[in-house]
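This report refers to the structure that appears directly beneath it.
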2 protein chains.
Amino acid sequence: MSKLVVRAFSISLDGYGAGPDQSLDDPMGVNGMELHAWVLATKTFRGTHGGEEGGDEGPDDEFARKSFDNLGAWILGRNMFGPVRGPWPDGEWKGWWGEEPPYHVPVFVLTHHAREPLAMKGGTTFHFVTGGIEEALKRAREAAGGKDIRLGGGVATVREYLHARLIDELHLAVAPVFLGRGESLFAGIDWRELGYECTGSVTTPKATHLSIRRKD
Amino acid sequence: MSKLVVRAFSISLDGYGAGPDQSLDDPMGVNGMELHAWVLATKTFRGTHGGEEGGDEGPDDEFARKSFDNLGAWILGRNMFGPVRGPWPDGEWKGWWGEEPPYHVPVFVLTHHAREPLAMKGGTTFHFVTGGIEEALKRAREAAGGKDIRLGGGVATVREYLHARLIDELHLAVAPVFLGRGESLFAGIDWRELGYECTGSVTTPKATHLSIRRKD
């Protein structure tokens, strides 16, 4: 069966997946972009998002590349899709990624407010799910055709799926920075009791990559 | 001037420096010993504490060995010295380490209850300080003769010195385990605002070693 996976999810040394005071100018929160320095520099990211040449190879790039392996669908929290809050005022906001988002598969967006599916160039269709995390996972699994489903975030959404023990595997990238405040991935969640264990660590100058799985 | 340093201080992936429910049987808290697996296996630890031959060499051992470099004094929270709470009933408890503790320098123990200094074999003298963390540091600095002062813990004591910005350098060893609950080194402390930064990371199968310093 397809797995629900979190990959290339960046956190700080003190466990924050986003900085405080998120806004349209600061979608990752104050200093939050520092968490992502490792991936922004990779050959994979520059090729996928920037259309640029070059970039780091090595373990950071390998983790970035493998984060797209065998994906049949994505799930995103609403804030990952955009800054719009409350009912959708119109169909104008179509995500952060322009006309051709880098997903190329169905993407299920968690929201409290219904909206028609939105088909983009390159095979990405955004589906808006109002029935909660289990419904989103069920629909993503149907759409994924046996491939894996990647949970993109944000922190609050990952925490919800963790609490429900629905995540099979995670790759966390711990950036060598302190954020001090923000959204914690660990506070108030007993990862051990939920059955998660770390199966490997790889460190580069820009991140420590942790491989984590749920024991059966 | 001598520095106040924290070295070989082990925490979990989720930031706990000790497990929950500490007791005489479980002085590190439930599952807390898992944090220390990296150091227990080193040649340095086995030679210092166990009088045993052998043990791991490599980065874990190097960090263990360097954790004793250039030390002129130690500071310990009371729970690091022993399980006795409240006024000292008698002079019977002399620490966890037997007749010849592995310090070989003056050790300042934070306590609310006065007690006469306790001279042990091998150069260790325990001094009991009732005037708080700044007094302990002042006395340790006088005793250290220009060498560094190592703050041994526990978590609550490290948090107090951090809040006061009195720690110059830390070496944290992040064990690849989740504790889920326990004493957090990060919750409610803004390391970034306090001026701490990570200057290096080294990973072995048993720990990720973080070098951290306070910016001036």
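Here are a few things to note about the model shown:
- With a Förster radius of 35 Å applied to the beta-carbon distance between B:Lys3 and A:Thr48, the computed FRET efficiency rounds to 0.20.
- Value of relative contact order over segment B:1-66, rounded to a whole percent, pairs C-alpha under 8 Å and six or more apart: 22 percent
- Within segment A:145-182, trypsin sites (Lys or Arg not before Pro) in DSSP loop having at most 16 other beta-carbon neighbours inside 10 Å: A:Lys147, A:Arg165
- Inter-copy label distances at A:Lys147, using a point 7 Å along Cα-to-Cβ, come to 6.2 nm with the shortest given first.
- Taken one residue at a time, the phi angles of segment B:25-35 give Karplus couplings (6.51, -1.76, 1.60, θ = phi - 60°) of 6, 10, x, 8, x, 4, 6, x, 4, 4, 5 Hz. Gly and Pro are set to x.
- DSSP finds beta bridges in chain B, and of those with both partners inside it, around 45 percent are antiparallel.
- Mean per-residue shielding of peptide A:101-111 is 0, counting Cβ atoms of other chains within 10 Å of each Cβ.
- Label point 7 Å beyond Cα along the C-beta direction, distances from B:Ala119 to other copies (nm, shortest first): 8.9
- Whole-angstrom Cα spans of chain B along principal axes, big to small: 43, 42, 36
- Between B:Ala156 and B:Met33, the simple spin-label model (points 7 angstrom out along Cα→Cβ) gives 2.4 nm.
- Here is the size of segment A:109-215 from its Cα atoms: Rg then Dmax, 16.0, 44 Å.
- Among A:Lys43, A:Lys206, A:Lys138, the residue with the largest mean-square fluctuation in a Gaussian network model of chain A, with springs joining Cα atoms closer than 10 Å, is A:Lys138.
- Kirkwood Rh (inverse of mean 1/r, distinct Cα pairs), segment B:156-216, angstrom: 12.6 Å
- Label sites at A:Glu197 and B:Ala187, each approximated as a point 7 angstrom past Cα along Cα to Cβ, lie 2.5 nm apart.
- Backbone geometry of segment B:96-101 corresponds, through the Karplus equation with coefficients 6.51, -1.76 and 1.60 at θ = phi - 60°, to 3J(HN,Hα) couplings of 7, 10, x, 5, 10, x Hz, x marking Gly and Pro.
- Label distances, nm, A:Lys215 versus same residue in remaining copies, Cβ-directed 7 Å point: 4.1
- When the listed pairs A:Lys3/B:Lys206; B:Lys3/B:Lys138; A:Lys3/A:Lys66 are checked against a 19 Å cut-off, the alpha-carbon distance exceeds it for A:Lys3/B:Lys206.
- Of all DSSP bridge pairs formed entirely within the protein assembly as shown, close to 45 percent run antiparallel.
- Computed over the alpha carbons of segment B:83-144, Rg followed by Dmax gives 11.6, 30 Å.
- Of all residues in chain B, the one whose Cβ lies closest to the rotation axis carrying B onto A, together with that distance in whole Å, is B:Thr203, 2.
- With Cα atoms defining each centre, segment A:55-94 and segment B:1-77 are spaced 40 Å apart in the structure.
- GluC sites (Glu not before Pro), loop per DSSP, at most 11 other Cβ atoms within 10 Å - longest free stretch of chain B: B:100-216
- Normalising by residue count, segment B:1-104 has a Cα convex hull of 148 Å³ per residue.
- Working note: Debye formula, equal point scatterers on the alpha-carbon atoms of the protein assembly as shown, no solvent; log10 I(q)/I(0) at q = 0.11, 0.12 Å⁻¹ is -0.87, -0.99.
- Distance-filtered residues of segment B:138-180 - backbone nitrogen under 15 Å, label point 7 angstrom along B:Arg85 Cα→Cβ: none
- Helix content alone sets the calculated 222 nm mean residue ellipticity of the protein assembly as shown: runs of n ≥ 4 DSSP H residues at -39500 (n - 2.57) each, divided across all residues, give -4500 deg cm²/dmol.
Quick note: the coordinates plus some simple rules give every number you see, no bench work behind them. No experiment lies behind these values; they were computed from the predicted model shown. All Cβ positions, even for glycine, are placed from backbone atoms using ideal geometry, and neighbour counts span all protein chains on display.
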